[in-house]
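**Q** Below is the structure I would like to discuss, written out as structure tokens.
The values are calculated or read from the model by the stated rules, or taken from the named source; none is laboratory data. Since this is a predicted model, take the numbers as computed values, not measurements. Cβ coordinates were reconstructed from backbone atoms using ideal geometry, including for glycine residues, and neighbour counts include every protein chain displayed.
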Amino acid sequence: MKHLAVAVSLLFLFGLFAAPVLAADAFDLVIPLPLTGKPAKFGEIMKRSYEIAAEEINAKGGVKGRKIALSFEDSTGKPEIARSIVEKLIDTKKQPIIVGEYTSSCAKAVAAIAEERKTPYLVVASADDDITQKNYKYVFRQNQVNAHYGDAVVSFLKEVVKPKTIAILYESSAFGTSGADAMEKDAAPMGAKVVVKEKFETGAIDFKPLLSKVKAAQPDVVYTVAYANEAQLIMKQAKELRIDMKLYAGGAAGFAIPEFIKGAQDAAEYVVSATLWTPQLKYPGAREFADKYKAKHGDYPSYHGASAYAALYVAADALNRAKDWTADAIRDALKATNLKTAYGPVKFEDKEGYQNQNFHETLAIQVQKGEFETIWPKSHASKPYVYPVPSWKDRK
Amino acid sequence: MSSIQLEVLLQTLISGILLGGLYALIGIGMTIIMGVMKIINLAHGELMMVAMYIAYVLFSAFHIDPYLSILVAAPALFLLGVAIQKFLINPVLRVEAIIPENQVILTVGIGMVLANLATIIFQSDYRQTPVPYATKAWYLRDYWKDSPVDISLSLPWTVSFTVALLITAGLWFFLTRTDTGKSIRATAQDLDAAQLMGVNVQRMRVITFGIGSALVGTAGCLFIPIYYIYPDIGGQFTLISFVITILGGLGSTVGAIIGGLILGIFESLTATYIGMGWAPVGRFMIFVAVLIFIPGGVASLLRSRKLGK
Amino acid sequence: MKTYLPYITLTILAVLPLLGLSSYWMHIAILVIMWSVIGMAWNLLGGYCGQVSFGHAAFFGVGAYTAAMLYNKLHLSAWWGIPASVFVVALFALLLGYICLRLRGPYFALATLSIGVIMRITAENLVGLTNGDVGIQLDKRTWIDKTWYYYIILLMAVGAFVAVKKIIGSKLGYYFVAIREDQDAAESLGIDTTRYKTIALVISGVITGLAGAFYMNYMGYIDPKVVFALHDISIITIMVVMVGGAATSAGPVVGAVIMVLLAELIRSIPKLGTAHHTLFGVLLIVIIIFLPNGIVGDFSKIRNLFRTRKAAP
């Protein structure tokens, strides 16, 4: 009996370790992502989006005639594990290009390795400004840098709201800190004074003391940078306290995921947020991708998903154009990228002290009747903005 | 003090009291468990997570109100706790080890498995139960038009606060007035003596772990309308539970609620007047200070004035 | 055989880089050795002296930040962090010992746990000093090749191993074990328990801090959430020792192999996906139920298991 159990479990383990049988000419692409732990939510959005993209690319013939065999490795959000994965991909699997990661700390670890080992790395959704400021030759970033995340919101504030005072709340993380700093810098040219700048711990429960403090300072606008669901808690509690502002604004991430509206419900109404992408954009394939994602997974994807979806196209495009798959050929191909994707036009430039950075237009969205609507810049608007915003008491 | 400043102060105090109730609710299960078994249970937050997912499933599949789902979640967590204690913790405690804290690995393992199973079943999406009363609140100005200050009182937060008080009272009654409760307290105070007096210590431990789990399960159901869940939510609540347990004194229900209130008010005041980023530092400073200066927690202070249980 | 085992292991480890391992396996080897260093440090305090610390991330982080701040503020090489961290961490450990060591058992554990958390949040808030959440990154790591990193951490491991062994063999070691077995009895025998516990804590902290300073140099990037992590550093440290075997000299090494190498293998199983955590969690539960003193500590049990197997065909 005992022997049988041992045999069965051995068989089971053997089955697990056995590599999946693949077509001989498939192109293995392993993507490091956080699939467990706190950032797993965003890893998951991106994983689903990569899968959709791979399916489409394969249907169109793959890269250089080879089908992409996509798989994922869980970096659990820890830099040393992200490094393990990438070392393995470069060394053992000889993968010619690295795509992926989400948190900035992991992306930094991966970028350093990619540069040292001269392997092109495409950053998909990590926002820390640093990553493309290090004179790395092999690191490319498709998403906008954190310093520019709020651009559309800033221009909206400048032209429509014209605030005199602003309060900045941000969560204790690299993303929150640099987002808040960027807004502080943007406030002065707008003619607004920063009256409160406060940090809160990730995972905090009660924001009411903080919000009371904001209320006492009576700013025109509150700008909040929060990674995840702190965004909805802040709005819910602001509603409970009936703190009226000219405008509540958010800096992407937690304010731009569908859970924000689902969680905050009516408290989310009229909140304006920065974002990098919306399904309403008129980029080729944007709508189709969003609909496909929604049909499969129930919700529209956030900009993280769109960026991941497009990143695979960018990588495939570079691989197709590269004359061979050596690091330098792929690097040069990436550098010459000029692609219209569902995420927007992608082009890697060196400017403002960044290298190989894709500077794309950011957007402002507003929650209107429980849906995200693109409101700014006007050329991309799906609905006109609602401003001024009714006070909490007058909403029903 | 201008009226706006007064308003900020009052609102901060109210928030602190309500938050304190919530903290007490989360910590009360652990204080019971730690009081009886003196073990460090690092899976406490994960048990709460399980209850929150139960509430979530009941809400999204059958539209059962999270508050009602306590009736399902609390018994379910009781059984889960009993099973964990009986089949995993007891066997480890029974064996003599060089370092008795080796049960920590066990609870970490349990926590890992629970959180990971949740990831597999529910994926890592943020989930919530959007109840209509989630942001409902009472406002002073609605009742007293010319009030110089406007204070609001949130409905779900008040409910959880009230339930925390009720649970404390109920537990106190259970521990001091029933036979099982008395046996549990005897086990907590002196294991060997209790055994000699004919208390079935193993059984009491199992029951205690069950009750502790059911309590944290209740906390999860009360918590979900104002918060959200994802599989890895547990850790932060385990930490808060430790603070409450030590602050209130091991095994003391009354201590837990007073400890919760102290902590809640302190954190709110820090958040308003110093900075919210520092609030957690204050939390753990208090914690260390209590460990050193009042090792018995609030309960020992109460007892020395003959107010404790 | 048993007395030669450390030398054999050391010889194998010393020639390992000459075998031309890929950079990936070198990385894993470096992590395994780094974790054994931390494990040995913890073992001195927790295993031999019986003071179970839940806050070794505090030492690890202070060591790492010493190196990082030398680099960031004084523009020195981060390698200076290795000698510097000895003093900084020793001082910090003295302070921590003064606060926490009067507590016993679970109270000590919880106090150290919260010190770890306090350090993390403090590092997040002192933006001027630590760059806060943005973290500190080296512009360039010293070497691309891993051989030197490997030998440096191996040297640390040998140093830590010998130091712990010597201490345990000396009078100090007997005091430590006496304190672990019965603190009151030790005290009544005239052992100044607070003093010896402080010594254990400082040595343990310094070794952990060295590993932290090494981590900064090796990874080239730290932020408060990475190096002051409660779960990913403090608790993993405890598991390394307890899975391997507390109060055994080989325990931390075996534990590090399990916690890093095995965890990495399980994580890389292709079909498992995110379920790798469940498998690993179950493994931990099984180990602790059947081997409460860890793999090395209860090695006889494992041997017996195989003996009976052979005896009954």
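**Q** Can you tell me which residue in segment B:269-295 is surrounded by the most Cβ atoms within 10 Å (Cβ to Cβ), limited to those that are more than 7 Å from every other protein chain (Cβ to nearest Cβ) and either among the charged types (D, E, K, R) or over 19 Å from B:TYR23 (Cα atoms) (or both)?
**A** Among them, the one singled out is B:ARG283.
**Q** Restricting to segment B:131-165, count the residues that are part of a helix (DSSP H, G or I) and either within 27 Å of B:HIS63 (Cβ to Cβ) or under 22 Å from the mean Cα position of the chain (by Cα) (or both).
**A** 11
**Q** Conditions first: (1) outside any loop (DSSP other than H, G, I, E, B); (2) within 27 Å of A:LYS323 (Cα to Cα). A:LYS93 passes all but one, so which condition is the exception?
**A** (1)
**Q** Which number in (1) modelled with pLDDT of 95 or more; (2) within 20 Å of C:GLY245 (Cα to Cα) marks the one condition that C:GLY55 misses?
**A** Against the list (1) modelled with pLDDT of 95 or more; (2) within 20 Å of C:GLY245 (Cα to Cα), C:GLY55 comes up short only on (1).
**Q** So B:LYS86 passes all but one of these: (1) farther than 21 Å from C:LEU279 by Cβ; (2) in contact with a strand residue (DSSP E or B) (Cβ under 9 Å, 6 or more places away or on another chain); (3) within 14 Å of chain C (Cβ to nearest Cβ). Which condition number does it fail?
**A** (2)
**Q** Kindly indicate whether any position in segment A:125-132 is assigned to a strand (DSSP E or B), in contact (Cβ under 8 Å) with a residue 40 or more places away in the chain and not assigned by TED's automatic domain parsing to the domain that holds A:GLU373.
**A** no
**Q** Next question, about the same structure. Condition first: surrounded by fewer than 21 Cβ atoms within 10 Å (Cβ to Cβ) and more than 10 Å from every other protein chain (Cβ to nearest Cβ). Can you find one or more residues in segment C:265-281 that meet it?
**A** No, because not a single residue in segment C:265-281 is surrounded by fewer than 21 Cβ atoms within 10 Å (Cβ to Cβ) and more than 10 Å from every other protein chain (Cβ to nearest Cβ).
**Q** Moving on. Looking at segment B:82-96, is at least one residue of a type in the set (A, V, I, L, M) and not in a helix (DSSP H, G or I)?
**A** Yes, the conditions are met somewhere in segment B:82-96.
**Q** Has segment A:364-385 got at least one residue that is of a type in the set (Ser, Thr, Tyr) and closer than 30 Å to A:PRO120 by Cβ?
**A** The answer is no, given that none of the residues of segment A:364-385 is of a type in the set (Ser, Thr, Tyr) and closer than 30 Å to A:PRO120 by Cβ.
**Q** Exactly one of these conditions fails for B:TYR228: (1) touching a strand residue (DSSP E or B) at 6+ places or on another chain (Cβ under 9 Å); (2) on the phi > 0 side of the Ramachandran plot. Give me its number.
**A** (2)
**Q** Since A:ASN229 meets every condition but one in (1) at the interface with chain B (Cβ under 10 Å from one of its Cβ atoms); (2) at pLDDT 90 or above; (3) under 24 Å from the mean Cα position of the chain (by Cα), which condition does it not meet?
**A** Every listed condition holds for A:ASN229 apart from (2).
**Q** To continue, here is another question. Return the residues of segment A:91-100 that are within 13 Å of chain C (Cβ to nearest Cβ) and either crowded, with 23+ Cβ neighbours inside 10 Å or among the charged types (D, E, K, R) (or both); say none if nothing qualifies.
**A** Those that are within 13 Å of chain C (Cβ to nearest Cβ) and either crowded, with 23+ Cβ neighbours inside 10 Å or among the charged types (D, E, K, R) (or both): A:ASP91, A:LYS93, A:LYS94.
**Q** Can you find, within segment C:282-291, the residue that is farthest from A:GLU73 (Cα to Cα) among those that are within 7 Å of chain B (Cβ to nearest Cβ) and without any contact (Cβ under 8 Å) to a residue 24 or more places away in the chain?
**A** C:ILE289
**Q** Which of the residues belonging to segment A:25-75 are surrounded by fewer than 23 Cβ atoms within 10 Å (Cβ to Cβ), part of a strand (DSSP E or B) and within 14 Å of chain B (Cβ to nearest Cβ)?
**A** Across segment A:25-75, the qualifying residue is only A:PHE72.
**Q** Going by what's in this entry, would C:LEU201 be described as away from chain A (no Cβ under 14 Å) and over 28 Å from C:PRO17 (Cα atoms)?
**A** yes
**Q** What do you reckon, is A:GLY176 in a loop (DSSP other than H, G, I, E, B) and under 22 Å from the mean Cα position of the chain (by Cα)?
**A** Taking the combined requirement at face value, the residue does not satisfy it.
**Q** Let me ask something additional. Of all residues being buried (at least 20 other Cβ atoms within 10 Å of the Cβ) and at the interface with another protein chain (Cβ under 8 Å from one of its Cβ atoms) in segment B:89-100, which is farthest from B:ALA43 (Cα to Cα)? Just the residue, please.
**A** Filtering first and then ranking leaves B:ILE98.
**Q** Filter the helices (runs of 4 or more DSSP H) completely within segment C:170-249 down to those with at least 1 residues that are under 12 Å from C:ALA64 (Cα atoms), touching a Lys or Arg at 6+ places or on another chain (Cβ under 7 Å) and in contact (Cβ under 8 Å) with a residue 60 or more places away in the chain.
**A** In segment C:170-249, C:224-227 are the helices (runs of 4 or more DSSP H) which contain 1 or more residues that are under 12 Å from C:ALA64 (Cα atoms), touching a Lys or Arg at 6+ places or on another chain (Cβ under 7 Å) and in contact (Cβ under 8 Å) with a residue 60 or more places away in the chain.
**Q** Could you grab me the full set of residues in segment A:171-197 that are surrounded by fewer than 21 Cβ atoms within 10 Å (Cβ to Cβ) and within 14 Å of chain B (Cβ to nearest Cβ)?
**A** A:VAL195, A:VAL196, A:LYS197
**Q** For segment C:93-115, what are the residues that are at pLDDT 95 or above and surrounded by 23 or more Cβ atoms within 10 Å (Cβ to Cβ)?
**A** Listed by number, the list holds a single entry, C:ALA93.
**Q** Please go through segment A:351-382 and give me each residue that is assigned to a strand (DSSP E or B) and among the aliphatic types (A, V, I, L, M), ordered by number.
**A** A:LEU363, A:ALA364, A:ILE365, A:VAL367, A:ILE375
**Q** On the given criteria, is C:ILE258 assigned to a helix (DSSP H, G or I) and surrounded by fewer than 23 Cβ atoms within 10 Å (Cβ to Cβ)?
**A** So C:ILE258 passes the test.
**Q** Sticking with this one: Hey, does segment B:189-200 have a residue that's out of contact with any strand residue (DSSP E or B) (no Cβ under 7 Å at 6 or more places or on another chain), among the β-branched types (Val, Ile, Thr) and part of a helix (DSSP H, G or I)?
**A** no
**Q** Do we have A:LYS213 as in a helix (DSSP H, G or I), facing another protein chain (nearest Cβ under 10 Å) and within 23 Å of B:ARG283 (Cα to Cα) here?
**A** In short, yes.
Table: residues versus (1) away from chain C (no Cβ under 14 Å); (2) without any contact (Cβ under 8 Å) to a residue 60 or more places away in the chain; (3) in a loop (DSSP other than H, G, I, E, B); (4) not basic (Lys, Arg).
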| residue | (1), (2), (3), (4) |
| --- | --- |
| A:LYS137 | no, no, yes, no |
| A:ASN143 | yes, no, yes, yes |
| A:SER155 | yes, no, no, yes |
| A:PRO163 | yes, no, yes, yes |
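**Q** From the residues in segment C:292-309 that are free of Cβ contacts under 8 Å to residues at least 12 places away in the same chain and within 13 Å of chain B (Cβ to nearest Cβ), which one is surrounded by the fewest Cβ atoms within 10 Å (Cβ to Cβ)?
**A** C:LYS301
**Q** Next up: What number of residues within segment A:242-267 are part of a helix (DSSP H, G or I), surrounded by fewer than 24 Cβ atoms within 10 Å (Cβ to Cβ) and within 7 Å of another protein chain (Cβ to nearest Cβ)?
**A** Qualifying residue count for the region: 3.
**Q** Those residues that are in contact with a Lys or Arg (Cβ under 8 Å, 6 or more places away or on another chain), in a helix (DSSP H, G or I) and more than 7 Å from chain C (Cβ to nearest Cβ), I need them from segment A:76-89; list them, please.
**A** Result: A:ILE81, single match.
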